[in-house]
Amino acid sequence: MVVAGLDMTRDPKYYKGWENCRDMENSQWWASHAKTILDAVMQNKEHRRILWWIVGNELETPVPASGQDCVWKRVNWMAQKIKAIDSKHPIGIAIAGSDPSKLQRFSEICKDVDILGMNLYGNDHWGISKKLQSAGWDKPWALTECGTAAPWQVPKTSWGGLMEPLTSTSKGQFIYNGLHRCKSDAKCVGFFAFFWGWKWEKTGTWFGLLDQWRAAGGDPNGFLNDVAQPMLDEISPEWAWPVKLRIHLEGVVVHGPNKTSNGTFGFNAQKGAKVPVDLKIVATDDPNEGDIWMDWYVTEETSVNALSDGNVPEKVLPIIPHAAYHCKNGYRAVVLTEMLKPGSYRLYGFARRIRYFDHTIREASASIPFHVGQQKCQDVTSGPCYEKVWKSRTSAQRMGVSTWPASGLLPSSTFKEFQAAFYANNQGCPAPCSFDLPESFHGTCDGANWDVRVVHSTKEASELLFAKGVAQNESEPCGDAKVGEDCFWAVKWLLNTGIHQTPASFPELGKEPSFADAQLAFYNRADHGCKRPCGLAELGGDVTPSHAICTAEGCFVLSTSQKVTTSTSTVDSSTLPSFVLPDRRAVAAALQRAEAVPVLLAEPNMAHRAPLAAPRWPRDEEAFPEEHRAEFLMAFQKEMEALQEEDARKAEEKRQEHWANVAQNLVGHWQGEGQLLTVRQANDAHTLKVQSSLRPQSSQATLWLDKKGKVVWGRHRLYLDMRTLGSKELHWWRRNGQTLKWQKVEDEDVIDSAQRRFSRWFSVRWESLLPPKGPQKRLAEVELKLGQLLLYEAQRHFNKHLCFLAKAAQHRTMWDEVFAAAESAVRRCDLMEAAAEIASYEDFVDEGNYNVVQAAEQFWRRSELTIPDCNLLLLAQPALQDRVLHFWRCPPGTAQERGRALRGFMARSEQTQVSVQRRKAGVPIRRKELQGQCVEKVMELVSKAQPVRWSRLRLIFLRR
């Protein structure tokens, strides 16, 4: 049985505009696209193996969130048309993730879709039933993609390597959890493990139930990896095959001097170290099963961003030969770092096994990141980072699942793994340290062995696929939340407000949880200092009043013969029952019933409070007469206004203090992206202005604080990494995960290299270039001025065009080096060399001329001339360039034949003969003659008042 996919377009241009999103029936393109899909439905709708149709996979991914309503409208439109011709099969879709807002909009718009499929990875399927219920989806659903922790979920090592789940067996735990999550919900009608096949996505082992990686010993038909074992166990239960062909990995052992590591963080080795690595293998015992063998391979670490679209194919990285060798006396590999350059790499280990009578092969794999060189890291033991990591890890252990920012981890993951997750998500933690090996460590094969842990039943082997739980500390004392504690307020907020506003955040709670259930929910999340409840919390207090008036802000104790006290007035009242406004932290001391607790926020210290509600009067109306209620309300309102004003004032003072600190560290001059950025105070006290040296006349970008206290830059909303505030290098984060860096420029170095160049040339104008009328000194002055203007036009061309090219951004320092060489040539009055230096840089960063440079380099190497001679030859004969390119781009025969053809062509060229004779005679080519001709042409253009830009200067001096 199959679920048939119908390929609706993912092109975002067809999900915007009136004709695509509003006028659904009159779009010619959609009419043609629908006809293609409906033809496929008509052709296959009677096939007996089709379960349901899926009208698209992750259609919303390339479309901005603001435009996804159009996607859902088109999905529903397509579902209606399919149902019109095929009413026997349900219509489904596969969406990416389970964002609550996305699920809600989909549920509201796609009324004709019958099955909602979701592509979820890692722990994202936790609480999915509750999320769907909260979003209003009450129809069947399916896990159309369920896989291990994805690249965008996992932590990173100190060198930026992605921490792929270490072994394929540990990846199978995520598949197992997702499968049983689906089986536990009657509305889940399908489960699809990702993915049946093999693909390179960040690594060669991350995704794929089959191993078809040919370069690493895989089979074209695919070895079944033990990632797929949960699916195989479900299809073929134990009673059908008592002892199956199984092989798993319990872990990895990286050996070091006098200690070992489990390989979770890989290892960092200095160049020259030899690192032994072992795999801990588990296999079933069956006489029909053959030997186990190991294969080891090393590749470079991928440079593809972890947030990149997985639907875009990635380049398979090649195997690095001789980087690791397999010991002959065991399953060990020894990594030879001396064969590698400093950088990031990945070690792959494959444990494979064959069954003799049908030649079936099973395998388990490990992926171990490692680094050659120095690492920058810190293992935290205290401070804010330690507290956040402890809270997240403790919550995962108690709840049995890890959530963001460690959604790719398991409850059994170590403290350092959780710290690495916070580091990867920029949550204020440094990178933890990996296993470090010195250059002097030379591990060997001594101690390697063929040990395999043998299990005698499939059930025992399957236990490796169960996610490891963490034993709870039963000796930890229990305790019920007491009035006045943060836990108490949090529980009451959850019971009165939170369970209704964000039910998906507490999927384990029902519609009407008890006080103990709510306290247990916060205990499991290690939040608000809640302890494991012993039972229902007992409300207590020193005051047991006869009456209490409870509002949304607090309960007010009624007594006799007291004064009405507020922050603004004191009213004497001897004829009526008076009341006291206690501190808001102690208001619950007067409560008699749990349901009378006021609705407060989860964090009482926050400045924003729940909206005020009208006071709740006591049941005994006589105790509080009608004529005195207005006076009570007036005093109550004044007290609340005073409290709110106080909180607002404190919040504003804190914000002002924070902004002053930000402004003090940001105002000044910064270098970034090849430009000088000047940050200054704006007229508004809460904003800063950023001026770019590349666009001095353009509008200025703005820096400001958002509601969360983060610094935002410009309309593209780049966020400042607050950890770098106060340092000489600031990091800005783009939405796509890329980083922009600012370097601090001191006041005495405010004028950057480009401006310093301009300042020396502003006194020179084209009109000052007059024909030489004096001695040779006058000619040298003209050439010097012309060279300075050539540099000016080159810098202007760089600022307007070249600095925005991709290669220019990758090689930011190259322009300064090239420009310095050109300046040196101008000081020697060698304008030809200066133009050639700048043109070479332009050809390098501009792909349009790069082929010309490559052809010229090959031309130089295969000829007998020196490079300067060939330069002049190509400059003197532009036609020769075309002929060289013609020979190079359309070469007959082998490389040797191409070289002979080029050398033969050179020999037949008259200019070549002259150049060879001059070189052999030791007479240098007179570049001054050619330069003088170029200067005359420039002077002629100046005399005609024609504009002379860099492109014209390049053509004059270089003939190209």
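The values are calculated or read from the model by the stated rules, or taken from the named source; none is laboratory data. Just so it is clear, the model here is predicted, and its values are computed rather than measured. Reconstructed Cβ throughout: ideal geometry from the backbone, glycine too, with neighbour counts over all protein chains shown. Protein only, heavy atoms only, side chains kept; ligands, DNA and RNA dropped before computing areas. Shrake-Rupley method; radii C 1.70, N 1.55, O 1.52, S 1.80 Å.
Taking the stretch 86-166, how much of its Cα-Cα pair set, in percent, is spaced more than 14 angstrom apart?
That fraction is 65 percent.
With a 1.4 Å probe and all protein chains kept in place, how do Asp647, Asp124, Asp285, Asp451 rank by accessible area, largest first?
Numbers: Asp647 20, Asp124 50, Asp285 80, Asp451 105 Å².
Listed by decreasing accessible area, they come as Asp451, Asp285, Asp124, Asp647.
Here is the link list: Lys707/Lys741; Lys708/Lys807; Lys274/Lys728; Lys341/Lys391. Which ones come out longer than 32 Å on Cα distance? Kindly include the intermediate steps, with their values, before the conclusion.
Details: Lys707/Lys741 24 Å; Lys708/Lys807 36 Å; Lys274/Lys728 38 Å; Lys341/Lys391 39 Å.
Too far apart for the 32 Å limit: Lys708/Lys807; Lys274/Lys728; Lys341/Lys391.
Order of 43-50, 144-151 by packing, highest average Cβ count within 10 Å first? The partial results should precede the final answer.
On the way: 43-50: 11.4, 144-151: 24.1.
Ranked from most to least packed, the peptides come out as 144-151, 43-50.
Quick one: net charge around Trp198, please, counting Lys, Arg +1 and Asp, Glu -1 for every other residue with C-beta under 12 Å from its C-beta. Show your work: numbers first, answer last.
Values: positive: Lys199, Arg214; negative: Glu201, Asp211, Asp219, Glu363.
Overall, the nearby charge balance is -2.
Taking all protein chains in place and a 1.4 Å probe, what share, in percent, of the accessible surface of the stretch 1-93 do carbon and sulfur account for?
Values: 2520 of 4970 Å².
Summing carbon and sulfur atoms, their accessible area is 51 percent of the total for the stretch 1-93.
Go through Thr337, Thr678, Thr444 and list them by solvent-accessible area, largest first, probe radius 1.4 Å. Each step should come with its number before you reach the end.
On the way: Thr337 0, Thr678 40, Thr444 65 Å².
Final ranking, largest accessible area leading: Thr444, Thr678, Thr337.
Within 10 Å, count the other beta carbons around each residue, average over each peptide in 834-844, 196-206, and list them highest first. Please report the intermediate quantities before stating the final value.
On the way: 834-844: 22.0, 196-206: 19.7.
Packing proxy ranking, top to bottom: 834-844, 196-206.
At a probe radius of 1.4 Å, what is the per-residue accessible area of His322, in Å² to the nearest 10?
His322 has an accessible surface of roughly 140 Å² with all protein chains in place.
Which of the peptides 345-353, 504-512 is most tightly packed, and how do the rest follow, going by the mean number of other Cβ atoms within 10 Å of each residue?
On the way: 345-353: 23.8, 504-512: 14.0.
In descending order of packing, they fall as 345-353, 504-512.
With every protein chain left in place, what is the accessible area per residue of the stretch 244-334 in square angstrom, probe 1.4 Å? Provide the component values of the computation, followed by the final result.
Values: 3930 Å² over 91 residues.
I get 43 Å² per residue for this part.
To the nearest 10 square angstrom, what accessible area does Glu25 show with a 1.4 Å probe?
Roll a 1.4 Å probe over it and Glu25 shows about 110 Å².
Tell me, what is the per residue accessible area of the stretch 30-79 in Å², probe radius 1.4 Å?
Working: 2260 Å² over 50 residues.
Here the residues of the stretch 30-79 average 45 Å² of exposed surface.
For Glu387, Glu783, Glu646, what's the largest-to-smallest order of accessible area, 1.4 Å probe? Don't skip to the answer; put the middle values down first.
Values: Glu387 125, Glu783 15, Glu646 60 Å².
Listed by decreasing accessible area, they come as Glu387, Glu646, Glu783.
Can you give the accessible area per residue of the stretch 387-453, in Å², using a 1.4 Å probe? Show your work: numbers first, answer last.
Numbers: 2900 Å² over 67 residues.
For the stretch 387-453, the solvent-accessible area averages 43 Å² per residue.
Here is the link list: Lys111/Lys492; Lys271/Lys710; Lys259/Lys376. Which ones come out longer than 32 Å on Cα distance? Display every interim value, and only then the final one.
Numbers: Lys111/Lys492 37 Å; Lys271/Lys710 41 Å; Lys259/Lys376 21 Å.
Beyond 32 Å between Cα atoms: Lys111/Lys492; Lys271/Lys710.
Just give me a number: lysine pairs in the stretch 150-254, eight or more positions apart or cross-chain, with C-alpha atoms less than 27 Å apart.
Lysine pairs satisfying the spacing and distance rule in the stretch 150-254 number 10.
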